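Have a look at the structure below before the remarks.
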Amino acid sequence: MKHCKDGPLARAPAPHIAAESDPRPAFLITIDTEGDNLWSPQTTIHTENACYLPRFQQLCEKYGFKPTWLTNWEMVEAPDYCEFAADALGRGQAEVGMHLHAWNNPPLERLTDDDFRRLPYLIQYPEAVMRQKIRAITDRLEEVFNVKMLSHRAGRWAFNETYARLLVEHGYQVDCSVSPHICWSHEYRKMPCVVDYRDFPEEAYFADLDDISRQSDHSLLLELPMTILDVERPWFLELPARMASLNAIGERIANRFAPTKWWLRPDGLNGERMLATLDIALQQKRDYVEFMLHSSEFMPGGSPRFRNERRIEWLYDDLERLFEKASQSFVGMTLTEYRNRIVSQRHRTIEPAPAAA
């Protein structure tokens, strides 16, 4: 496939007003679009998963959904991905946003003895370096896709007030980094980072740039927390789960088969829980649900959970059921389209963002 052509920055196609005015809750699809199997240590990052993305895009379009491809550095430099994403963007069937992995996003400022092994978080760098990295990828994405970048998710969910202010400085208007009910406090490859979202809202809010856990009437940055339900285990599983918590391995097993945090994210075992999540969201009258996955998880062997073609087919079986059910009660939107609907509904005195697709 040929490289995408660079050109002058342009606005994306006009928003689909019918979708934005549809009263049904929104079904938001966010894909962390990044290299192959980044769960494994590597110094050379491959992007073969780009060849597996058209199938998912076609499934989304079948049910009237529009994914937001949150794109990091190696993918914006991958010709196959660029051509695929430019086509979906040009047809108004997707949005391209930004996703940032600090260790390989220029400028490459060494933070540890081996950044490709330690994988430092962006929020661990000095503010000046954070700004430079955000500027570099923003400029490159806008250069390649000829559209203003408006949506974003932080790499590995590591977000803070400095990061939020830098996003606004660079023109971003939607973030989806908050994962409610979750405290990211484990040490990852000897790079400890504590990000605690347990007291954050579950639904959309304009984030206070001095305290991103709070709503602000003066903020331009809409926060769209990931859909994660905090549920209780069935009584007959609670005692084994407590016993399992006495050791780390047992606790991981309990959380794998009887989790108390239900993500709208396929893991190979949670097809029924994802369907139930839609029902619960409707019962709670939520205005949106947010689905996520990594681009590499559509490729056999591109992730630990979907290691072969059989597991990929199981994934698509779950996705087909989920999307078919969601299409009955939800309307598909990109992140920016949803922001425009929120602004319109609340009659805010700020100008709606231009649609990213």
Since Gln58 meets every condition but one in (1) surrounded by fewer than 16 Cβ atoms within 10 Å (Cβ to Cβ); (2) in contact with a strand residue (DSSP E or B) (Cβ under 7 Å, 6 or more places away or on another chain), which condition does it not meet? (2)
Wholly enclosed helices (runs of 4 or more DSSP H) of the stretch 85-184 bearing at least 2 residues out of contact with any strand residue (DSSP E or B) (no Cβ under 8 Å at 6 or more places or on another chain), of a type in the set (Val, Ile, Thr) and surrounded by fewer than 20 Cβ atoms within 10 Å (Cβ to Cβ): 161-169
Any idea which residue in the stretch 264-296 is farthest from Arg24 (Cα to Cα), counting only those that are surrounded by 21 or more Cβ atoms within 10 Å (Cβ to Cβ) and free of Cβ contacts under 8 Å to residues at least 60 places away in the same chain? Pro266
Scanning the stretch 268-316 for residues that are under 18 Å from Asp230 (Cβ atoms) and of a type in the set (Lys, Arg), the one farthest from the chain's Cα centre (by Cα) turns out to be Lys285
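Can you name every residue in the stretch 305-349 that is of a type in the set (S, T, N, Q), free of Cβ contacts under 8 Å to residues at least 60 places away in the same chain and within 13 Å of Val289 (Cα to Cα)? Talk me through it step by step, then tell me what you get.
Residues of the stretch 305-349 of a type in the set (S, T, N, Q): 308, 327-329, 334, 336, 340, 344-345, 349.
From what is left, the residues that are free of Cβ contacts under 8 Å to residues at least 60 places away in the same chain are 308, 328, 345, 349.
Hits for the stretch 305-349: nothing passes.
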Which pairs have Cβ atoms under 8 Å, sit 6 or more apart or on different chains, and link a residue in the stretch 25-50 that is assigned to a strand (DSSP E or B) to one that is of a type in the set (Lys, Arg) and modelled with pLDDT of 95 or more? Ala26/Arg341; Ile29/Lys66; Thr30/Arg153; Asp32/Arg153
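The values are calculated or read from the model by the stated rules, or taken from the named source; none is laboratory data. The structure presented is a predicted model; accordingly, all values stated were derived computationally and were not measured. Note that we place each Cβ from the backbone using ideal geometry, even for glycine, and neighbour counts take in every protein chain shown.
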